[in-house]
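The values are calculated or read from the model by the stated rules, or taken from the named source; none is laboratory data. Because the structure is predicted, anything quoted here is derived from the model rather than measured. So basically every Cβ, Gly included, is an ideal-geometry build from the backbone, and we count neighbours across all protein chains shown. Each accessible area value is taken on the protein alone, full model and side chains, heavy atoms only, with ligands, DNA and RNA left out. Shrake-Rupley method; radii C 1.70, N 1.55, O 1.52, S 1.80 Å.
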2 protein chains.
Amino acid sequence: MPIYKAPVDDVLFLLNDVFRLERYNNLPGFSEASPDIVEAVLTEAAKFCEQVLLPLNRVGDTEGCRRHDDGSVTTPKGFKEAYRQLVEGGWIGISAPAEYGGQGLPTILTTILNELLASANMAFTMYPGLTQGAIAAILTHGSPEQKATFLPNLVAGTWTGTMNLTEPHCGTDLGLLRTKAVPQPDGSYKITGTKIFISSGEHDLADNIVHLVLARIEGAPPGTRGTSLFIVPKFLPGPNGGIGARNGVTCGSIEEKMGIHGNSTCVLNYEGATGWLIGQQNRGLQAMFTMMNEARLHVGVQGLAISEVACQNAVAYAKERLQGRALSGPKFPNQPADPIIVHPDVRRSLMTMKAINEAGRALVVWTALKADIAHRSQDEKERQAADDHMGLLTPVIKGVLTDQGFASAVAAQQIYGGHGYIREHGIEQFVRDARIAMIYEGANGIQALDLVGRKLGRDGGRAIMALFNEVQGFVKENSGDEMKPYVTPLGDALKDLQQATMWFMQNAMAKPDNAGAGAYDYMHLFGLVALGYMWGQMIKAAKEKFAQGDARLNAKLVTGRFFMERLLPETAAHLKRIQSGAASTMELPAEAF
Amino acid sequence: MPIYKAPVDDVLFLLNDVFRLERYNNLPGFSEASPDIVEAVLTEAAKFCEQVLLPLNRVGDTEGCRRHDDGSVTTPKGFKEAYRQLVEGGWIGISAPAEYGGQGLPTILTTILNELLASANMAFTMYPGLTQGAIAAILTHGSPEQKATFLPNLVAGTWTGTMNLTEPHCGTDLGLLRTKAVPQPDGSYKITGTKIFISSGEHDLADNIVHLVLARIEGAPPGTRGTSLFIVPKFLPGPNGGIGARNGVTCGSIEEKMGIHGNSTCVLNYEGATGWLIGQQNRGLQAMFTMMNEARLHVGVQGLAISEVACQNAVAYAKERLQGRALSGPKFPNQPADPIIVHPDVRRSLMTMKAINEAGRALVVWTALKADIAHRSQDEKERQAADDHMGLLTPVIKGVLTDQGFASAVAAQQIYGGHGYIREHGIEQFVRDARIAMIYEGANGIQALDLVGRKLGRDGGRAIMALFNEVQGFVKENSGDEMKPYVTPLGDALKDLQQATMWFMQNAMAKPDNAGAGAYDYMHLFGLVALGYMWGQMIKAAKEKFAQGDARLNAKLVTGRFFMERLLPETAAHLKRIQSGAASTMELPAEAF
């Protein structure tokens, strides 16, 4: 049975000491998020995750969701009660506007909460997780009436949300979608088509499910320029926030999957279901992107979350499992063998996870803070810079943290040896669950293309130049002896990233395949620099906060050094691969494979 | 439903053109293995794998093995009939000595056959696979009587074999094992204890199961120097090669696992079971190692096998799935989208698998040939050199090819997007099945330690020096313009490996943790050099065999170049990590995790 202890102390260190949340007290909601309030919120959330959600993680995996003949879906035993507690705790709306029943606290708290929830139970967390995306989309694009109708229930959690993009023949390439929307005299639309892979598509946790559905209005132009977004609830809204008639959308089947069995992944059949256009006609993709950026950040957080819980379990096992002797001589001569944490190769794995997790969490917190600034600041320039940051970092967080999350789950499983391959310890579930995060909300290869093909060049490279300047500035300011062991490798890595960026500028315009063939390496090179910068920031803050000789300071210094020595050097290999170009990748004709 | 086509042509190219099998016609069995015989054998095997075993792969995964109340185990539907065909085809004994009913062909054929079988159905292949190990152990360490009693049935396949090492509290550290052996007046022993994770431990495929069991003779010294190996059959041998009374070993349960559900992984309870010592008292580990080296090579081959079949399926999907347009402009303007094989990031994955698989297969064939030379040559020096090679390369093949096999399965799954995460396409099964190969027969971290801690220094470094000389010689001999693009990077990578080896010599004696912390990187650095050398050999052979302009020559040249440009540069990062030493890896106290 896996263990989990929410990393509240680490989060507080990031909020209070590294990113100094109190600097943003002028933003709406931030002054309410004082250090003691934040600590109280996180401590309460930690309890819920550790005591209620964690024990249900295995149940969800074993039992899965069941679809009945009438199309209704039963979630695993205990999910309903846990969801009730989540709703009663007001957790879903902590960052939502007060006018719709939320608490108006910074969004950064919801992002942090998502990590805790997903560590304890990723499949469960997807039910409220998708609601967050629906709230964001309706807040941004909904009419006042749509907001009034849907937001209070979504914010409360009595209704949940979904995203409906994928169809059998169309995933990444949404221009191919066929679901139809026929205008009705009353201004609504009749939606008809089949959507697949719909997470939380049907379940018994909430009174209603609000589907946000991409479809093509009759006569719309082909391709992505002809897609519109619709709100299609399972039950039509009734009076006083209640529900009315059943709408024409049903769950045709539940997918059998590799993992996240606790979440119902549905085929949804729309048969003339009533829907309402949200946002502008034929601009559905733009509206969906609001939801998708939210979702992508959340999925990156899932990677971090699984990495954290997998690491915690591997550490516990490594301290307890007795096998072999330390290479430097027995550490526990009175026991039959030493705990395997004495072995350097086991340590190598644990330190890798630790170094990635702590920096990954910092990267998430940093970016979530920018999300708040982008939405709440009064200063346009500040908002723009924050928005630039989010656009640039979202694909990196999604792609890199989910790749690393899966790698951590695999590494943690490896530490268990054969015991990690059998189901009993629950560690192999982390591997199966973590795997999806690399795929959904845009496969990681798509994140890499988004980064290289769209985000780098946008606005004349304004976002990437700002980031280069910031990291370069940090390296320069901290070039004294004390920080040198950390900023010198960071500076070298930054140079690799700059060179790679230059290489694309010089070689990808004329031959776009050069960008495509190097995109994945670039994303990971970027991720390493970003994580390295986070280590720089954390070490600086730790030196200021903790006294010399404090174990917490020592842990940060050692883990940061490990990152610089062991993980960051990979940037050179990424650069070399990027610079090799697309020739050998693209040369073979398809039939030669 | 996955597809599979056995890579017979590629194998024949390796046997006939790269390693030129005809040079070894002086070895017993080799003159019988003429090119046309080999081709006929492989073509027949391919048919069996593609038509009989492949369709059962999914069945095995879905149905799994069932244990009944009486302890008997039923294998998935169709396995029994397929196993009957395997036995009737004489496949298990193709390389076994004729005096025990085998065909005496080179062992290299069995190794190649194992790849084909495991690609089609890894879980099934483990039943005959473990029999190969039992045959090897009994051939090397058994008494004439034991050979006569057990080998004919094992070679025929009417009996199968198992390896019994692991106990609940002891996996890697076999010195901790508790299973007891009490001597009996008739020279036999009574074996009592519990063994776990026993692959093919109980099933309905064969008349009898021959367990090779590590146990401690009453009064034996503690630790590994007190373990002995025993033959403990499920049924005692009866007259005329038949079976007698049921022995005191029963299947207590079947493990629920992440994958390889078609294989029964058993808890075996020994309750005073009759066993016979094989090999010397208290030298059980040495005897077991005969079996284990065989098994490790086989497990490395499993990694290759899954990598191959995963790649084949990903290629087929990438040619068929229409999504998006080529960056360089539409390739199939009349279709709604281009097949995803046009996208550089998809290609990058496919080329990586292809480059690894073709070189991995060469590495396996090269090493299997050395196994034959080590066992069959009349020349002692040649035997010794071949044995050195095997000792050195076995952990590399096991560790690197299984890591790569898993990585390929994951990469192939990624190409399917969401369709790879659902069970329907069968691709996620490859990920779950491939995962075990990194763990069993010595987790890959143990392989790395075996390589660095035992194989490097053995006999004054004779094996590694011979390999360095060979690769260096190849680089020198082929430094002309034509081979330069391939041997220059290989030479650089070799230098990295030599530097890493030197670094261990200078830094690991005084501080063994420096070896432990760098071992995993060293294993992969070694693997890259070995695979790079294979590419050098293959390209040279391809240039000699195929005419200019031949598509097969072009494919080898491009894939080899891809390997040199994209995969080999990783050696520098491995070296850098090794040279960073153990300090940051080992410094934190256990409680700091």
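Placing a label point 7 Å from the Cα of B:E382 along the Cα-to-Cβ direction, the distances to the matching points in the other copies come to 8.1 nm, shortest first. For A:T274, the amide hydrogen comes within under 5 Å of the amide hydrogens of A:I191, A:G248, counting only partners 5 or more places away or on other chains and with H modelled in the peptide plane. Considering protein heavy atoms only and a 1.4 Å probe radius, which residues within region A:144-181 exhibit an accessible-area decrease of no less than 40 Å² in the full assembly relative to the chain by itself? Those residues are A:D173, A:L176. Measuring heavy-atom accessible area with a 1.4 angstrom probe and counting protein chains only, the residues of region B:565-581 that give up at least 20 Å² relative to the chain alone are B:E565, B:R566, B:P569, B:E570, B:A573, B:K576, B:R577, B:S580.
Send over a whole-number figure in Å² for the accessible area per residue of chain B, probe 1.4 Å.
Per-residue value: 35 Å².
Derived scalar couplings between HN and Hα for region A:274-279 equal 7, x, 10, 4, 10, x Hz in order, rounded to whole Hz, by the Karplus curve 6.51 cos²θ - 1.76 cosθ + 1.60 (θ = phi - 60°), x for Gly and Pro.
Other residues with beta-carbon under 14 Å from the beta-carbon of A:D10 carry, at +1 per Lys or Arg and -1 per Asp or Glu, a net charge of 0. Rounded to the nearest whole Hz, the Karplus-based 3J(HN,Hα) values (6.51 cos²θ - 1.76 cosθ + 1.60, θ = phi - 60°) of region A:236-247 follow the sequence 4, x, x, x, 6, x, x, 10, x, 5, 5, 8, with x at glycine and proline.
Within chain A, which complete DSSP H helices have Cα atoms spanning at least 24 Å along the helix axis and a mean Kyte-Doolittle hydropathy of 0.5 or higher? If you can, show how the numbers build up before the last one.
Values: long enough: A:107-141 (32 Å, 0.92); A:284-320 (53 Å, 0.34); A:344-376 (47 Å, -0.02); A:380-415 (49 Å, -0.10); A:458-477 (28 Å, -0.19); A:484-507 (34 Å, -0.43); A:512-545 (48 Å, -0.04).
Sorted by number, the helices that extend far enough and score high enough are A:107-141.
Can you give the charge dipole size of the protein assembly as shown about its Cα centre, rounded to the nearest 20 debye, using +1 on the beta carbon of Lys and Arg and -1 on the beta carbon of Asp and Glu?
Value, rounded to 20: 780 debye.
The amide H of B:K257, built 1.01 Å from its N in the peptide plane, has A:R423 as neighbours under 5 Å, considering only residues 5 or more places off or on other chains.
How high is the relative contact order of region B:457-586, given as a whole-number percent (alpha carbon pairs under 8 Å, six or more residues apart)? Walk me through the numbers on the way to the answer.
On the way: 105 pairs, mean separation 44.4, N = 130.
34 percent.
Structural descriptor for region B:486-544: relative contact order 47 percent, calculated from alpha carbon pairs under 8 angstrom and at least 6 residues apart. The residue in chain A that lies nearest, by its beta carbon, to the axis linking chain A with chain B is given here with the distance in whole angstrom as A:A573, 2.
Test of the criteria: in region A:223-303, which GluC sites (Glu not before Pro) are in a DSSP loop and have at most 16 other Cβ atoms within 10 angstrom of their Cβ? All intermediate terms of the calculation are to be shown ahead of the outcome.
Numbers: sites: A:E255, A:E256, A:E271, A:E294; in loops: A:E255, A:E256.
Here the GluC sites (Glu not before Pro) that fit, given the DSSP loop and packing criteria, are A:E256.
Think of it as helices only: each DSSP H run of n ≥ 4 in chain B is worth -39500 (n - 2.57), and spread over all residues that comes to -18000 deg cm²/dmol at 222 nm.
Shortest first, in nm, what separates the label point of A:R246 from those of the same position in the other copies (7 Å along Cα→Cβ)? Label-point separations across copies, in nm and ascending: 5.4. With label points set 7 Å from Cα along Cα→Cβ, the inter-copy distances at A:P336 are 6.2 nm, sorted shortest first. With θ taken as phi - 60° and the Karplus curve 6.51 cos²θ - 1.76 cosθ + 1.60 applied, the whole-hertz 3J(HN,Hα) list for region A:25-33 is 5, 7, 7, x, x, 6, 5, 6, 8 Hz, x standing for glycine and proline.
Considering only protein heavy atoms and a 1.4 Å probe, what is the carbon-and-sulfur percentage of the accessible area of chain A? Please report the intermediate quantities before stating the final value.
Details: 10870 of 20790 Å².
Carbon-and-sulfur percentage of accessible area, whole number: 52.
When a/c reaches 1.5 or more, the comparison of a/b and b/c decides; with that in mind, is region A:457-586 rounded, prolate or oblate per its Cα gyration tensor? Here region A:457-586 falls in the prolate category. Per residue, the average separation of C-alpha pairs within less than 8 Å and at least 6 apart gives chain A a relative contact order of 13 percent. Net charge of the neighbourhood of B:G549, taken over other residues with C-beta under 14 Å away and scored Lys/Arg +1, Asp/Glu -1, is +3.
A plus B alone minus the pair: what accessible area, both sides summed, probe 1.4 Å, in Å² to 100? Mind showing how you got there, number by number?
Details: alone 24740 and 24690 Å², together 41530 Å².
Buried surface at the A/B interface: approximately 7900 Å².
Kindly count the pairs of lysines across region A:444-593 whose alpha carbons are less than 29 Å apart, treating pairs on different chains or eight or more residues apart as eligible. Counting lysine pairs in region A:444-593 gives 26. Using the Cβ of A:A583 as centre and a radius below 14 Å, the other residues enclosed give a net charge of +3, where K and R count +1 and D and E count -1. Counting only heavy atoms of the protein chains and using a 1.4 Å probe, B:F289 has close to 60 Å² of accessible surface.
Panel note: contact residues of region B:232-261 (accessible area lowered by at least 20 Å² against the chain on its own; 1.4 Å probe) correspond to B:E255, B:E256, B:K257, B:M258. Name the shape class, rounded, prolate or oblate, that the alpha-carbon gyration tensor gives for region A:402-526, where a ≥ b ≥ c are the square roots of its eigenvalues, rounded holds for a/c under 1.5, and otherwise prolate holds if a/b is larger than b/c and oblate otherwise. It is oblate, given that a/c is not under 1.5 and a/b is not larger than b/c.
For chain B, DSSP calls about 80 percent of its internal beta bridges antiparallel.
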